[in-house]
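Beneath this line is the structure, given in C-alpha cells, with notes to follow.
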Amino acid sequence: MGRQRSGAIALRNDQIYAEWSRKPNLPEIAKKFGITPQRVGQIIAEYHPDLETEHERALLRGSLWNLAHQVQEIIDNPGVKLGPNGRPAEDFDGDALPDLTTRVEAAKVQGGIYKQIAQLVGAEKAIPKQVQYTIDVAQQAMLRDIEEKRRAMITGEVIHEIEPPQPQPHSST
C-alpha cells in the first residue's frame, strides 16, 4: 500500500491533471511544477487507476497530445522556402515565402496523430479496409459464359463455338 499523500501534493496533482487536460504538454507542465515529465505522466495516469493498461494509455495519450502541439507549432511557423541559391525565396514584394510543403506535411502528420488519439480514447473504432470491386455488365456476362462452359465440360456436353457477329450492310437514304 502506498504512503498517504499530503493535501498539498494532492492539490498539486489535481492542478497538474487539470492543466494537462487543457494543454497536454508534459515538458511545460513539468517545468512549471518543478518535476520531471515522467512524473507528470505518472500523476496523470493515477487518475485512471482502473486497469493496468490505463496507466500506459494515459501516458500514450499525453505523449500524443504533446506531439500534436509540437506539430501545430510547425504548422503555425513552417519556416521559409529556400531558393536555388540557398537564400530565402521572396514574393513580388520582397517578403520571404513560407515553406508550404512543410506546412502541408506537418498537417498530414497531425491528422494521423488525431486519428490515433481518437482510436485510443474510443471515439473512433479502427475499421478494417474493405475493398469493393465493381464488375460491369460485359464482365458479368463473360463470367456467366465461363461458368456455363465449365459445367458443360464437367458433364461432357458438346459446346459449339459462338459465331462472330456478321457486319450489317449500311443503308443509304
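No lab work stands behind these numbers, since they all come straight from the coordinates. No experiment lies behind these values; they were computed from the predicted model shown. Cβ placement follows ideal geometry from the backbone for every residue including glycine, while neighbour counts extend to all protein chains displayed.
A few comments on the model shown:
- Averaging 1/r over each pair of different alpha-carbon atoms in region 7-121 and inverting the result gives 16.3 Å, the Kirkwood hydrodynamic radius.
- Protection proxy ranking of 63-70, 92-99, by the mean of other Cβ atoms within 10 Å over each peptide's residues and highest first, is 63-70, 92-99.
- Cα-based convex hull volume of region 53-125 per residue, rounded to whole Å³: 97 Å³
- Long-range HN-HN contacts of Leu82 with modeled amide H, under 5 Å: Ala89
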